[in-house]
Amino acid sequence: MRRGHDVRAAAAARLARALVLLLGLLGAWLAPAHADHAELRLGILAPRPLEVEERDWTPLLQALQRQMPGIGLRTRLLDYAALDAAVRARELDVIVTNPAHYVALRHTHGLSTALATLVRRRHGVESTAFGGTVLVRAESPLRRWQDLRGRRVGVPHDESLAGWHLQRHELRRRGVPEDDITWERIGLPQDNVVLALLEGRVEAAFVRDGVLEAMVAAGRVPPDRLRVLQRQDLPGYPVAVSTPLVPEWPVAVMSSVDDDTHRALTLALLHAHEDAALRTGPLAGFVPPQGYTAVERILRELRVRPFGVPQLTWRETLQVNAGPLALAGAGVLALLLFLLGLLHQKRRLRQALREQSRLLDELAITAKTFDSYQGVLITDAQGRIVRVNRAFETITGYGPDEAVGRTPGALLRSGRHDAAFYRTMWQALAEHGHWEGEIWNRRKDGAVYPEWLTISAVTDAVGKVRHYVAIFSDISWRKQAEAQIENLAFFDPLTGLANRRLLLDRLQQALRQARRNARWGAVLFLDLDFFKSINDTYGHDAGDAVLRIIGERIRAVLREQDTPGRLGGDEFLVLLPATFERRDDAALAAQTVADKLGTALRQPITHKDQTITLTLSIGIALYGDGAAGSVADGDATQLLKAADLAMYSVKQAGRNGVAFFDPEMEAAIRQRHQLQRDLAHAIEAGELRLYLQPQVDVRGRVVGAEALVRWQRADGTLVPPGAFIPLAEETGLILPLGDWVLQQATQLLRQWQGDAALAALRLSVNVSARQFRDPGFGERVQQALAQQGVAPGRLELEITESVFLEDLDHARATLQALDALGVSLALDDFGTGYSSLAYLAELPFDTIKIDQRFVARLGQHSRQDEAIITTIIALGRKLRMQVLAEGVETEQQENYLLSHGCHLLQGFRYGRPMPLEQFEALVHAQPRDPV
Ligand SMILES: Nc1nc2c(ncn2[C@@H]2O[C@H](COP(=O)(O)O[C@H]3[C@@H](O)[C@H](n4cnc5c(=O)[nH]c(N)nc54)O[C@@H]3COP(=O)(O)O)[C@@H](O)[C@H]2O)c(=O)[nH]1
């Protein structure tokens, strides 16, 4: 009897302890949520000088403060070490730092997931991503990642993502061993790394993108002294970059921040960009958090903090650790002996103290938990409520008198979940003794609300369930915040229409549906004509108002199943779902919708006494079951591009109309993509050839040549430059291509120096506008000449008038620099563009080339062309420039040109562009001038 009583008493005591412990653990988890956050302590990583950081951050912090007037912000700008220390000491609530540092802090100090991602503004362009650059001196022979082998490379800091990790990751991807590179840790700010490169202390510098451009803009680095290795000019991205991009800096909070403050801060961050003070300046606000898993993956692969020790080379490991390792070894041994002795003595005493302190803790925690802001209810084994806490009453509205004795189901069930839901819950409780999840319950006042609920079964010594403990929190606010964030992430805040992200998602779905159901649909790309002038004339407020009204009108015209969206600026999109059996029906429907949109959107808009009338251009692309005439086999981006292209054709045809994308356009796009890929390969694979076309003087003697590039594909076919030069210009491939031509031409001039017949010839190369504008161009010309030891006057650069269109001052400065080098300068295709006499007289050209179109029409009794030619010749002579006529094919043209004083001639009459050997043979065959 006595023994039975003891067993029961022991079981009851164990049950009570288990309950106390369970509540204790929950309490410990909940306790920080009570921290008072009328003031938030914000720590921001500041790798640059404090005054610069302060200048950049102040407007954003003030805007943030205005968004949450009830919560004070106390900000500290800290370097890496200080930020680490402050996090360790729990002196901060909110942290803004680089993504790599954030990942490390999240792992080591339980930082939250990102609340938002920073938006930077550079050169007027906003971006939520950034990357790393590899800088080299302009004259450096380094061109590719592989070239960094055996070089001395400067880096700013071990924690720097875009000045260290990203570039190392690229090197790793390309199989370049780190041990082959000598690393110089220069320190922060990153400007110092650039200066080290300029001073010749290192041969390459790893820095964040934009650092170079900022230093050039501040006049701290001459524009053409440095070059970005493996440079990528990403469309719409404001600065040059060498590595892939990663999301901008995240904002995260420490676990001490309570839920209300967390929510207020998230909303404030996401609304900060609305503040007028942020329309300019380097920091533009925040967007919903971007994904940081790619950054985490990079850090894992590099095995750097927090995923391992930094990867030191063997050399570095030995150098750095030899002394400390020996000392540490001895120290550890001594410490171990000492501790062993101590441990032995203290073990028993500690055990006793621990047990006592645990019981005290449990008591304190239980009390606290039951007082928690989370609702707690305890039932008996039959599910009848035996106890509730104060928060239960606050959340549900039911006091203990009303709750005790009833079941939670009878009291709170909302009716939103079916029987299967509760069955699964009870099953989990029976099998695992635990269930947690989201559930909708009903308050006493009838309102239905979401809660996060955890239920645990409490069992006795023999495993029988005695109680169920349920702990829950009202997550209504989180749902609202999520909805709001989702709204921001997927909808355009100005018009409320779907944004680009959502549109692309819907397009993807529509394409899948079209394929699955063998149906047709359409996409309409709308662009307002001359919208910019509305902003310019009436101001941005009026522009915004117009866009809002346009959004409303689009919505009004469409049926429910259609998706309208705004891509940005004045571009809208309408997606008609794939419901049509035939392509023609989809086309007809799209045309009808386009007509309706046209009529609705062209109606005058009244804004503050102003009447604004707009027209619009609409491009339509059909998508369907993969048959010809659709872009169904492509992806959403392609479909969007197709509609954009069709819209563009309307613009080109004079705007204010509708056009369909047709399959020929699509085929042309595909071909272009293929060509672009092939061309990039052709440059590396050495498939380019230099052909030469003779230039003759008035006596018909060859005095020079124009170098014209050809692309000889692997199968031997020769691609003419007209088929790839424009594409190369558009894609930036013209830069490596132009460099190749320059290298070949100067090499050729050097070879010719040893041949009396060829030594005096001048060689012309074409310089594209993009190449000419490239900051390092002048220096590359100088280097090419110096490397080959060629007299600059032998090289002629042919430049077209288009280079003066964008920035005459810059073009003038570049021409003057080239002229100072001593190279000869020719103005190509003169007469076709914007031939302004004013600049012709002031710019240092040596030769004017009359465009072949005028020459071709000579002899066709075109008085106008004859007048143009004679005027150009007279002008050239007057300005003491040589005049060369291009495209001379007939004797008649030759006679006309010579009789009017043209100095030089070029054209099929004297030879087509030809391989080098043929050209040299031609020159050798002509009689030598008597010396
Ligand atoms: N940036 C670079 N552009 C280059 C380079 N190499 C060529 N090009 C440009 O490509 C365009 C087409 O060149 P191509 O097909 O070689 O045509 C040249 C001549 O073949 C042609 N020509 C010369 N004489 C005659 C003639 O009597 N009749 C006739 N129908 N055509 C003739 O003219 C082209 C040379 O033009 P231009 O450059 O204006 O002197 C062309 O625009 C090239 O500029 C390159 O390396 N870089």
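The values are calculated or read from the model by the stated rules, or taken from the named source; none is laboratory data. What you see is a predicted model; the values in this text were computed from it and never measured. Ideal geometry is used to build each Cβ from the backbone, glycine not excepted, and the neighbour counts take in all protein chains shown. Only protein heavy atoms, including side chains, enter the accessible area calculation; ligands, DNA and RNA are left aside. Shrake-Rupley method; radii C 1.70, N 1.55, O 1.52, S 1.80 Å.
Data for the structure
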quantity: Solvent accessible area, Å² - T637, 1.4 Å probe, full protein context; calculated: 70 Å²
quantity: Stretchable slack from T424 to H107, in nm (0.36 nm times residue separation minus alpha-carbon distance); calculated: 110.8 nm
quantity: Computed FRET value (nearest 0.05) for F530 with D585, which takes r as the C-beta separation and R₀ as 35 Å; calculated: 0.55
quantity: Solvent exposure ordering (accessible area, 1.4 Å, most first) of D179, D584; calculated: D584, D179
quantity: Given the chain, longest segment not containing exposed loop GluC sites (Glu not before Pro) (DSSP; at most 10 other Cβ within 10 Å); calculated: 561-931
quantity: Separation in nanometres of the label points that stand 7 Å from Cα toward Cβ, at R689 and A556; calculated: 6.5 nm
quantity: Cβ-defined net charge surrounding H900, 13 Å radius [Lys, Arg +1; Asp, Glu -1]; calculated: -2
quantity: Total formal charge among the other residues, if their Cβ is under 13 angstrom from that of D562, Lys/Arg +1 and Asp/Glu -1; calculated: +3
quantity: Among G565, A381, G131 the positive-end extreme of the charge dipole of the chain (Cβ point charges); calculated: A381
quantity: Bridge type composition, the chain - antiparallel percent by DSSP, nearest 5; calculated: 70 percent
quantity: Estimated distance in nm for a label pair at R515 and D79, the labels positioned 7 Å out from Cα along Cα-to-Cβ; calculated: 5.4 nm
quantity: Potential lengthening between A680 and S255 on full extension [0.36 nm per residue; Cα-Cα distance subtracted]; calculated: 148.0 nm
quantity: Fraction in percent of alpha-carbon pairs per bin - 10 Å, the chain; calculated: 2, 9, 13, 16, 18, 16, 11, 6, 4, 3, 2, 0, 0, 0
quantity: Pairwise FRET efficiency - E730 versus L494, Cβ, R0 = 35 Å, nearest 0.05; calculated: 0.65
quantity: At R0 = 51 Å, FRET efficiency that the Cβ-Cβ distance of Q864 and Q484 yields, to 0.05; calculated: 0.15
quantity: Carbon plus sulfur fraction of accessible area for the range 674-925, probe 1.4 Å, in percent; calculated: 49 percent
quantity: Phi-based couplings in Hz for the range 505-517 (Karplus 6.51, -1.76, 1.60; Gly and Pro marked x); calculated: 5, 5, 4, 4, 4, 4, 4, 5, 5, 4, 5, 5, 9
quantity: For E687, net neighbour charge (Lys/Arg +1, Asp/Glu -1) across residues whose Cβ lies under 10 Å away; calculated: +1
quantity: A786 paired with A757, simple spin-label distance in nm, labels 7 Å along Cα-to-beta-carbon; calculated: 3.5 nm
quantity: Global form of the range 129-246, assessed from the alpha-carbon gyration tensor, a/c cut-off 1.5; calculated: rounded
quantity: Computed accessible area, H540, all protein chains, 1.4 angstrom probe, square angstrom; calculated: 130 Å²
quantity: 20 Å reach of a label modelled at D809, 7 Å along Cα-to-Cβ, counting backbone N of the range 203-243; calculated: 213-225
quantity: Under the Karplus curve 6.51 cos²θ - 1.76 cosθ + 1.60, θ = phi - 60°, whole-Hz ³J(HN,Hα) for the range 407-419, x wherever Gly or Pro sits; calculated: 8, x, x, 5, 7, 10, 4, 8, x, 7, 10, 8, 4
quantity: The range 357-480 - percent relative contact order, Cα under 8 Å, separation 6 or more; calculated: 24 percent
quantity: Neighbour cut-off at most 14 other Cβ (10 Å), DSSP loop, chymotrypsin sites (Phe, Trp or Tyr not before Pro), the range 530-635; calculated: F530
quantity: Exposure ranking of F421, F206 by accessible area [1.4 Å probe, largest first]; calculated: F421, F206
quantity: Globularity ratio of the range 491-661, using Cα Rg and 2.2 N^0.38 Å; calculated: 1.01
quantity: Extension gain (nm, one decimal) between R300 and Q345, 0.36 nm per residue minus Cα-Cα; calculated: 11.9 nm
quantity: Length-normalised contact order for the range 129-246 - Cα pairs under 8 Å, 6+ apart - percent; calculated: 41 percent
quantity: Relative contact order (percent, whole number), the chain, Cα cutoff 8 Å, 6+ residue spacing; calculated: 8 percent
quantity: Helix-only mean residue ellipticity at 222 nm for the chain, each DSSP H run of n ≥ 4 adding -39500 (n - 2.57), per residue, nearest 500; calculated: -14500 deg cm²/dmol
quantity: Nearest-10 value in Å² for the accessible area of R713, using the 1.4 Å probe; calculated: 70 Å²
